[in-house]
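Before any comments, here is the structure.
The values are calculated or read from the model by the stated rules, or taken from the named source; none is laboratory data. Just so you know, these numbers come straight off a predicted model, no measurement behind them. All Cβ positions, even for glycine, are placed from backbone atoms using ideal geometry, and neighbour counts span all protein chains on display. Accessible surface is based on the protein model in full, side chains and every heavy atom, while ligands, DNA and RNA are left aside. Shrake-Rupley method; radii C 1.70, N 1.55, O 1.52, S 1.80 Å.
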Amino acid sequence: MNIMLLLLVAAGVSLVAQNLLMVRISESASTILIALVINSSVGLLLLMALLFAKNGASALAEVTGNFRIWMLLPGLLGSFFVFSGIFGYQKLGAATTISVLVASQLVAGLAVDIYKAGPVALRENLPALLGAVLLVVGAFLVARRSF
């Protein structure tokens, strides 16, 4: 099995485990925000430690020297994604949340790929588009009981 495929499968399984654990944290807290703060803090501390171990103190200067205000957007979008996942797991369950998230990600990803490649990509991606349609139908079948 391809190492990249294994990595992606492990990440997918890890995301389910992460969301289940974060739901558990948020059940014992006053708000989902507590789970988000813990999640983000651990991630930030781990990444800063790895960066410092790899490049030393100069890495911190590089982080601050390269910072632009628009660079906050990925963190905001990531936090929104994690919040939505936790909220979805709590209110709709894991299967519905995952099916809607995956289907929407695939449709958006295909749209970006086709836009970047131009009109020729539309014809070349017909099998992928059919797969996306099937995935959206599957997501609907999984999620229909929740909406």
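Counting only protein heavy atoms and a 1.4 Å probe, the chain has 72 square angstrom of accessible area per residue. Report note on the peptides 42-50, 102-110, 66-74: ranked by the mean count of other C-beta atoms within 10 Å, highest first, their order is 102-110, 42-50, 66-74.
Per residue, the chain reaches -29000 deg cm²/dmol at 222 nm when only DSSP H runs of four or more residues are counted, each adding -39500 (n - 2.57). Of the DSSP H helices in the chain, those that are both long (alpha-carbon extent of 24 Å or more along the helix axis) and hydrophobic (Kyte-Doolittle mean at least 1.0) are 3-27, 32-55, 94-117, 126-143. For region 118-125, 3J(HN,Hα) computed residue by residue from phi via the Karplus equation (6.51, -1.76, 1.60; θ = phi - 60°) reads x, x, 4, 5, 4, 5, 5, 9 Hz, glycine and proline entered as x. Note on the chain: Cα-Cα pairs beyond 21 Å make up 61% of the total pair count. Relative contact order, whole percent, for the chain stands at 24, derived from Cα pairs under 8 Å and 6 or more residues apart.
Legend: residues F140, F87, F147, sorted from most to least accessible area (1.4 Å probe; ligands, DNA and RNA excluded), read F147, F140, F87.
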